[in-house]
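Following this message is one structure expressed as structure tokens.
The values are calculated or read from the model by the stated rules, or taken from the named source; none is laboratory data. It should be emphasised that the depicted structure is a prediction, and the values quoted were computed from it without experimental measurement. Virtual Cβ from ideal backbone geometry, glycine too; neighbours counted across all protein chains shown. What goes into the accessible areas is simple: the full protein's heavy atoms, side chains included, and nothing from ligands, DNA or RNA. Shrake-Rupley method; radii C 1.70, N 1.55, O 1.52, S 1.80 Å.
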Amino acid sequence: MALMAREDTDTETRTAPAPQRPAPTEQQPAAPPAVRTWAMRLMPLAVVLAALNLRPAITSLGALLEEVRDGLGMSGSVAGLLTSVPPLCFALFGVMAPRLARRFGPPAVVCAGMAAIATGLLVRPFTGTTPAFLLFSALALMGIAVSNVLMPVIVKRWFPDRVGTMTGLYSMALAVGTSAAAAVTVPLTRALGDDWRFGLLVWAALGVAAVLPWLLFVRERQEQAVPAPSGGAPAARLSMVRSPTAWALAVFFGLQATGAYITMGWMAQIFRDAGVAAGTAGILLAVTMAMGIPLAFVIPRVASRLPRQGPVVVVLGTCGLIGYAGLYLWPVGGAWLWAVLLGISNCAFPLALTMIGMRARTGAGVASLSAFAQSTGYLISIPGPLLVGVLYQHSGGWGLPIALMAALMVPQIVAGILAGKNRVIEDEAAARA
């Protein structure tokens, strides 16, 4: 996903002296000429449908978390575990995606991911027990994890001359799916007999719809090995664990992911407990998620033009601190303002992707840095939503959980400032050598 950050540097890359390339096929889409015309027409639709499926499994559950807890007899701690499952699955299953893609081809793996999402969302509402609900939620999240990793690969392979445009389309569709699931899940549930199971079930239709176009690409096996940097060491020799920049990015990515998954899992419940109607709470969550639609375009462009991204980090972090303070002091009266501010703060995600792209000089370096920062970051984010659930259950209110959310924003800002320094991991490796 770090390809989002490369849009504004494409021109510079093309004007630089061209290095010797191992084979022309590494730079071009691998679709056979016979299917190239129909594939190019169908692939954008397939990409959009896949992106629409990458968050509704999470945000639809957040909107109905109270009903699910009551229906399954779930404690607050277990509900916190449920909100920690997404980053856990992303960390565990996302790292499998490159190996699966090399064996079966990225389209086949994405198709399987869409099928896993559809199956998980179809079955989990009717399992009747908490362990089974968690199991099928994990199945859906596994499909999201591998698809999330491979969608930028698909974009780069099939649209090498339109990476920025297609990445923007993909990001917008992802944000639309996220906010739509948050906004309409409660009204849909009421329209379907006020049964939370059917409110969750309807989102399986998106997964089924996404499987259909990807089936046509399953046989297009495309090798996705990342070439070594020209004239240098393979990307694997760039030791991420010894890179201060890599660790700063991993911590920044992990803390922003913590805030995002706490928001998706708990913010609607915070508003509801404060006295906001369930439908309005879902819309407030949708507003927070929808802020990512325009800002996913704006933030990478602004950040890529700055030598240091620290000022952007500070602005986003400040919005988060103000939003959490308002959520604690005046949750109902200022609800819409806090939803907007927290939505702006959550747009640290595209900023993190932008910085990943800017902190490495080569494509292989970006891939290595992205894998380390995202997998380590998602591992860092796992305890946050669980801890919020535990604090909520044992304190009987939202004061301590909100204080925790605000406190985590401080190291996020510090890590973001360090990650935003004008340096690259290849230079750090050379300095160590």
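Choose one of Ser395, Thr376, Ala429: the residue whose Cα lies farthest towards the positive end of the charge dipole of segment 334-433 (beta-carbon charges +1 Lys, Arg; -1 Asp, Glu; about the Cα centre).
In segment 334-433, that residue is Ala429.
Next up: Within the accessible area of segment 57-133, what % is carbon and sulfur when the probe is 1.4 Å and the other protein chains stay in place? Provide the component values of the computation, followed by the final result.
Details: 1710 of 2610 Å².
C and S fraction of accessible area: 65 percent.
Check which residues have an amide H placed less than 5 Å from Ala360's amide H, if you skip close sequence neighbours.
HN-HN under 5 Å from Ala360: Ile425.
What's the extension gain from Leu45 to Val218 if we count 0.36 nm per residue and subtract their Cα-Cα distance? Please list the in-between numbers first.
Numbers: separation 173, 0.36 × 173 = 62.28 nm, distance 1.54 nm.
Gain on extension, Leu45 to Val218, equals 60.7 nm.
Under a crude label model (7 Å from the Cα following the beta-carbon direction), how far is Thr129 from Val298 in nanometres?
So the label points at Thr129 and Val298 sit 4.9 nm apart.
Leaving out ligands, DNA and RNA but keeping every protein chain, what accessible area does Met96 have, in Å² rounded to the nearest 10, with a 1.4 Å probe?
My reading of the accessible area for Met96 is about 80 Å².
In whole percent, what relative contact order does segment 275-433 give with Cα contacts below 8 Å and a gap of six or more residues?
Working: 146 pairs, mean separation 52.5, N = 159.
Reported as a whole number, the value is 33 percent.
Could I ask something else about it? With +1 on each Lys and Arg Cβ and -1 on each Asp and Glu Cβ, how big is the dipole of segment 304-428 about its Cα centre, in debye rounded to the nearest 20?
Numbers: 6 positive and 3 negative charges, 50 e Å.
My answer is approximately 240 debye.
Can you give the alpha-carbon Rg of segment 315-433 over 2.2 N^0.38 Å, where N counts its residues? Present the calculation step by step, with values, prior to reporting the outcome.
Working: Rg = 17.4 Å, N = 119, 2.2 N^0.38 = 13.5 Å.
The value comes to 1.29.
Let me ask something else. Points 7 angstrom from Cα along the Cβ direction at Asp194 and Ala407: gap in nanometres?
Using points 7 Å along Cα→Cβ, the separation is 4.0 nm.
Defining a contact as two alpha carbons under 8 Å apart and six or more residues distant in sequence, what relative contact order in percent does segment 344-433 show? Kindly include the intermediate steps, with their values, before the conclusion.
Details: 33 pairs, mean separation 35.0, N = 90.
Computed value for segment 344-433: 39 percent relative contact order.
Hey, another quick one. Quantify, in whole percent, the carbon and sulfur part of the accessible surface of segment 300-390 (1.4 Å probe; protein heavy atoms only).
76 percent
By its C-alpha gyration tensor, with a ≥ b ≥ c as the square roots of the eigenvalues, how is segment 42-96 shaped: rounded for a/c under 1.5, else prolate for a/b larger than b/c, else oblate? Mind showing how you got there, number by number?
Values: a/c = 4.59, a/b = 1.75, b/c = 2.62.
Cα axes put segment 42-96 in the oblate bin.
Averaged per residue, what accessible area in Å² does segment 289-433 show with a 1.4 Å probe, protein chains only?
I get 40 Å² per residue for segment 289-433.
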